[in-house]
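The values are calculated or read from the model by the stated rules, or taken from the named source; none is laboratory data. Please read all numbers here as calculations on a predicted model, not as lab measurements. A quick note on method: Cβ atoms are made from the backbone with ideal geometry, for glycine too, and the neighbour counts reach across all protein chains shown. In case anyone asks, the SASA skips ligands and DNA or RNA and just uses the protein heavy atoms, side chains included. Shrake-Rupley method; radii C 1.70, N 1.55, O 1.52, S 1.80 Å.
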Amino acid sequence: MRTLELLVGQRAVHMLDAERTVHDAAGLMTDRQVSSVPVFEGERLVGIVTERDLVQRVLAQGLDPVATSLAQVMSRNLVFASADDSYETALGRMKRAGVRHLLVVSGSRLVGVISMRDLLVLEAVEKDEEIRLLTAYIYDIPVALPPVEPLEPS
């Protein structure tokens, strides 16, 4: 079983303090090419800000990104997965919660964030590999030969 630890183990976790601005978050997301950033108050995880949050809660409301803190616009309804969870478990949890980003923890420590896109890409890669293996299996089967008649002694 492939676990989330394999996916997040190779990524850095980028996070910001709740008092930082929306402008700071947008800059970090752009620089790091990520679509969400966990938000902390001191050592405590208190939210997550996503591209969707920025569009719906900042731009659509006409707020100033330089003057608006992350605490004002972040999502506070957090959805977690364990690093030991399978890809399928994580995808199911995201679908049920109606979220596109999942905070991955190991014990009480945040080890990463995965997006629905991450999981769907992995699922597609796995399905492509499965199709490739099945195709190879089908076309590599030797042709069945007719039964051989025993030779009659001379």
### Message
Just to be sure I understand the filter: pairs with C-beta atoms under 7 Å, separated by 6 or more residues or on different chains, first member in region 101-119 and farther than 18 Å from Arg32 by Cβ, second member part of a strand (DSSP E or B) and at pLDDT 90 or above. Which pairs pass?
### Response
Val105/Phe80; Val105/Ser82; Val105/Val111
### Task
Check Val39, Val79, Val49, Val58 and return the single one that is in contact (Cβ under 8 Å) with a residue 24 or more places away in the chain, open to solvent by less than 80 Å² (accessible area, probe 1.4 Å) and out of contact with any strand residue (DSSP E or B) (no Cβ under 9 Å at 6 or more places or on another chain).
Val58
### Message
So Leu78 passes all but one of these: (1) in contact with a helix residue (DSSP H, G or I) (Cβ under 7 Å, 6 or more places away or on another chain); (2) of a type in the set (A, V, I, L, M, F, W, C); (3) closer than 15 Å to Val46 by Cα. Which condition number does it fail?
### Response
(1)
## Note on the structure
For Asp64, the lone unmet condition from (1) modelled with pLDDT under 90; (2) open to solvent by 50 Å² or more (accessible area, probe 1.4 Å); (3) farther than 21 Å from Leu6 by Cβ is (1)
### Task
Select from region 82-114 the residues that are farther than 11 Å from Leu4 by Cβ and touching a helix residue (DSSP H, G or I) at 6+ places or on another chain (Cβ under 9 Å) and write down the one among them that is surrounded by the most Cβ atoms within 10 Å (Cβ to Cβ).
His101
### Query
Gly62 is checked against (1) closer than 28 Å to Ala124 by Cα; (2) part of a loop (DSSP other than H, G, I, E, B) and fails just one. What number does that condition carry?
(1)
